[in-house]
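To start, the structure under review is shown below, and the notes come after it.
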Amino acid sequence: MINIFGRSFGAPSNLTRLILLSILSGTLMVLDHRGHHLEKIRAGLNLLAYPVQVIAAAPTQVFHGIADFLTTRGALRRDNEKLLAERQLLLAKLQKFETLEEENRRLRRMIGSATQVTEKVLAAELIEVSSEPFTRKIVVAKGSQDGVYVGQSVIDAHGIMGQVTQVSSRVSRVTLITDAGHAIPVFDNRSGLRMLVFGTGDPDKLKIPYLTASADIKEGDLLVSSGMGGTFQPGYPVAHVVKIINDSNEAFLTVTGKPTAQLNHGKQVMLIWGNKPARSGDTRK
């Protein structure tokens with residue numbers, strides 16, 4: 001019961017409450033629609049509710065932030081590893097390209113050297129180097145099926161390397177000019193003095209014997225193949241004179257030369273034609 005001004009009234013029924021509340025709600029909605037009187041109240045309520053919303057959303061945002069960080073870091077790590085692998089591959093390819101480029105330059109120099117004297121040349125891959133003491137021999141991947149013959153001259157871009165001394169169908173053995181049993185006729189490019197150059201077994205040393213003190217030879221002179229004997233083509237560089245010893249107690253000079261060919265460098269040699277196969281070559285057994 002409700003007591004108002006001394007009069008007692010019964011509590012309104014549920015239906016009456018529903019009707020009154022409905023009328024009140026409708027009235028407030030109409031007033032808000034026309035005058036927007038509740039906007040400030042709504043804005044204030046939203047302002048009060050914002051910290052609660054931020055706190056409620058914080059765990060989710062932190063979770064997503066951590067997940068994004070881990071995902072991004074993992075992706076960056078994978079990308080970095082991939083880029084490093086690609087970089088190593090590119091560096092390896094670059095090294096190979098540089099090697100091929102240098103080999104091509106070396107081949108062009110050898111071909112240019114060969115074509116100055118002879119028209120037919122053949123590049124051959126070096127596949128074996130003899131390891132015997134005082135024996136300077138190599139094996140190349142060309143043989144009789146390629147027209148290679150015993151006594152054929154072998155050169156590089158800088159001069160004569162040696163001559164073919166053994167031939168099979170697919171490979172050939174070459175004796176280098178530094179072999180202890182090899183000799184080649186040459187002449188001094190400056191003075192025209194004829195002489196023989198012998199191998200010593202040393203990969204960088206040649207000897208020129210039987211020259212007297214009156215011989216016109218000087219340190220630094222270039223010795224080139226003379227073509228005598230028919231084994232080697234004339235005009236190819238063979239050696240530079242690097243040392244001359246004139247001992248008054250000796251009948252002959254001690255003359256030392258260094259090969260112009262780079263006998264210990266490169267993987268290719270050049271076989272040249274134009275010289276006849278030697279019947280009794282300059283290689284001494």
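The values are calculated or read from the model by the stated rules, or taken from the named source; none is laboratory data. This one's a predicted model, so the numbers in the text were calculated from it and none came from an experiment. Backbone-built Cβ (ideal geometry, glycine too); neighbour counts: all protein chains shown.
Quick notes on this structure:
- Qualifying residue in segment 105-115 (condition: in contact with a strand residue (DSSP E or B) (Cβ under 6 Å, 6 or more places away or on another chain), at pLDDT below 75 and outside any helix (DSSP H, G or I)): no
- Selection count where residues are in a loop (DSSP other than H, G, I, E, B), of a type outside the set (Ser, Thr, Tyr) and either under 28 Å from Lys142 (Cβ atoms) or modelled with pLDDT under 90 (or both), scope segment 252-277: 12
- When residues of segment 217-228 are limited to those that are of a type outside the set (A, V, I, L, M, F, W, C) and surrounded by 18 or more Cβ atoms within 10 Å (Cβ to Cβ), the one modelled with the highest pLDDT: Asp221
- In summary, Arg173 fulfils each of the numbered conditions (1) surrounded by fewer than 19 Cβ atoms within 10 Å (Cβ to Cβ); (2) out of contact with any Lys or Arg (no Cβ under 7 Å at 6 or more places or on another chain) with the single exception of condition (2).
- For segment 231-245, a residue qualifies if it is more than 30 Å from Gly151 (Cα to Cα) and surrounded by 13 or more Cβ atoms within 10 Å (Cβ to Cβ), and exactly one does: Ile244.
- For Val139, the conditions (1) modelled with pLDDT of 75 or more; (2) surrounded by 12 or more Cβ atoms within 10 Å (Cβ to Cβ); (3) farther than 30 Å from Gln233 by Cα are fulfilled apart from (3).
- Filtered residues of segment 235-250 (kept if under 21 Å from Phe187 (Cα atoms) and at pLDDT below 90): Gly235, Tyr236
- All told, Phe134 falls short of being of a type outside the set (Lys, Arg), at pLDDT below 90 and either touching a Ser or Thr at 6+ places or on another chain (Cβ under 6 Å) or under 20 Å from Gln268 (Cβ atoms) (or both).
- The strands (runs of 3 or more DSSP E) found wholly in segment 154-247 and carrying at least 3 residues that are of a type outside the set (A, V, I, L, M) occupy 159-167, 172-176, 183-188, 194-199, 237-245.
- Looking only at segment 122-136, residues that are surrounded by 18 or more Cβ atoms within 10 Å (Cβ to Cβ) and either under 14 Å from Trp273 (Cα atoms) or without any contact (Cβ under 8 Å) to a residue 40 or more places away in the chain (or both) come to 1 in all.
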